[in-house]
Every structure is written in structure tokens, then in C-alpha cells.
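The values are calculated or read from the model by the stated rules, or taken from the named source; none is laboratory data. The structure presented is a predicted model; accordingly, all values stated were derived computationally and were not measured. Cβ atoms come from the backbone with ideal geometry, glycine included; neighbour counts cover every protein chain shown. Ligands, DNA and RNA are stripped out before the accessible areas are found, and what is left, the full protein with its side chains, is counted by its heavy atoms. Shrake-Rupley method; radii C 1.70, N 1.55, O 1.52, S 1.80 Å.
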Amino acid sequence: MRKLWGPGRHLDDYLADYNKDDKETEEVGGGHRALCAPETRTPLIIGSILMIFQQWSGFNAVVFYGGSIFKMAGIKEADQAQLYLKTTQVVFNFVSLNLMDRAGRRILMLAASGGMLFSLAVVGILFHLLSQGHFKEGWLMIVVLMG
């Protein structure tokens, strides 16, 4: 750990904190009992619901199958469009890390959920228009997914 942390951190302080946390865990009791305790139940439920909503939103499917989606939208350089999408995702992950402490997690979660809902709705509308032949511009799909 000294090699990893460098000369500024003291390993003895870290080990003392670690041992203190370990003793507190033994006193409280770990495992299922601690997980279902009233003080941890609400955060556990909120975290689980957020993870379920993330999976149900379909955004992961858009990211993982972006190349196929872009090809279906008529974009010839689907791999390049996928690269733009993932680069945008990485950049905004760093932006959200910096905003998290300033703006608050709740505001960021609500804003991100609203933006994702809007983007996915527009993607659905664009695919419907594409299948009906009313829409032929695939580049708009990239812009919506990156927004």
C-alpha cells in the first residue's frame, strides 16, 4: 500500500481505521441482518429500483447495439457513429462526476432520467418515420442519441 499511496499517506492510520470498521461490523452483525436493518432498508430499496429502471429504460441496449441501430438508420459509417456515441458517454460521465457534489445526486438523476426519456422517445419516433419512408436522414439519429 505504501508503494501505491506514496510517502504522504500513513499505512498505520489506514490499518487502524480498517480494524475499527471490522470491529464495528462484528458488533452490529453482518450479513442478511445488517442488510435488512431499518437504517439500511430505504437506501437498499432506492438503489435497487434505480438499477431496475436503468435496465428497463433500454439505454443499455442502445449503447450495446448502437452499430446495428445506426446501420438500420441508414448511416454508412455506423462504427464511427458508435465511437461518437461512446465518446460522448465517457465525456459526460466525467462531467457528472464533477457536478455530483455541486448539484446533488437527486437533481442529476432527475435531469438524466428526463433527458434519457426524451432521447429514447425521439429515437422511437425517428425509427417509426424511417420505417414509413418519411425520414431518410440517419445523422439525426446520432445527434439525438448523443444529446
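Regarding region 9-18, can at least one residue be identified that is surrounded by 10 or more Cβ atoms within 10 Å (Cβ to Cβ), at pLDDT 80 or above and either closer than 22 Å to PHE118 by Cα or over 14 Å from the mean Cα position of the chain (by Cα) (or both)?
So far as region 9-18 goes, no, none of its residues is surrounded by 10 or more Cβ atoms within 10 Å (Cβ to Cβ), at pLDDT 80 or above and either closer than 22 Å to PHE118 by Cα or over 14 Å from the mean Cα position of the chain (by Cα) (or both).
How about region 41-54: which of its residues are surrounded by 12 or more Cβ atoms within 10 Å (Cβ to Cβ) and of a type outside the set (A, V, I, L, M, F, W, C)?
Matches in region 41-54: GLN54 only.
Residue by residue, here is whether (1) open to solvent by 60 Å² or more (accessible area, probe 1.4 Å); (2) out of contact with any Ser or Thr (no Cβ under 9 Å at 6 or more places or on another chain); (3) farther than 26 Å from ILE125 by Cα holds:
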residue: ILE69; (1), (2), (3): no, yes, no
residue: ALA73; (1), (2), (3): no, yes, no
residue: ALA78; (1), (2), (3): no, no, no
residue: TYR84; (1), (2), (3): yes, yes, no
residue: THR88; (1), (2), (3): no, yes, no
residue: VAL91; (1), (2), (3): yes, yes, yes
residue: ARG102; (1), (2), (3): yes, yes, yes
residue: ARG105; (1), (2), (3): yes, yes, yes
residue: MET109; (1), (2), (3): yes, yes, no
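Would you mind finding the one in ILE125, ILE107 that is over 14 Å from the mean Cα position of the chain (by Cα), over 24 Å from LYS76 (Cα atoms) and of a type in the set (A, V, I, L, M, F, W, C)?
Exactly one of ILE125, ILE107 is over 14 Å from the mean Cα position of the chain (by Cα), over 24 Å from LYS76 (Cα atoms) and of a type in the set (A, V, I, L, M, F, W, C), namely ILE107.
Would you confirm, using the coordinates I've provided, whether SER57 is modelled with pLDDT of 65 or more, loosely packed, with under 11 Cβ neighbours inside 10 Å and either among the hydroxyl-bearing types (Ser, Thr, Tyr) or in contact with a Phe, Trp or Tyr (Cβ under 6 Å, 6 or more places away or on another chain) (or both)?
No; evaluated as a whole, the condition is false for this residue.
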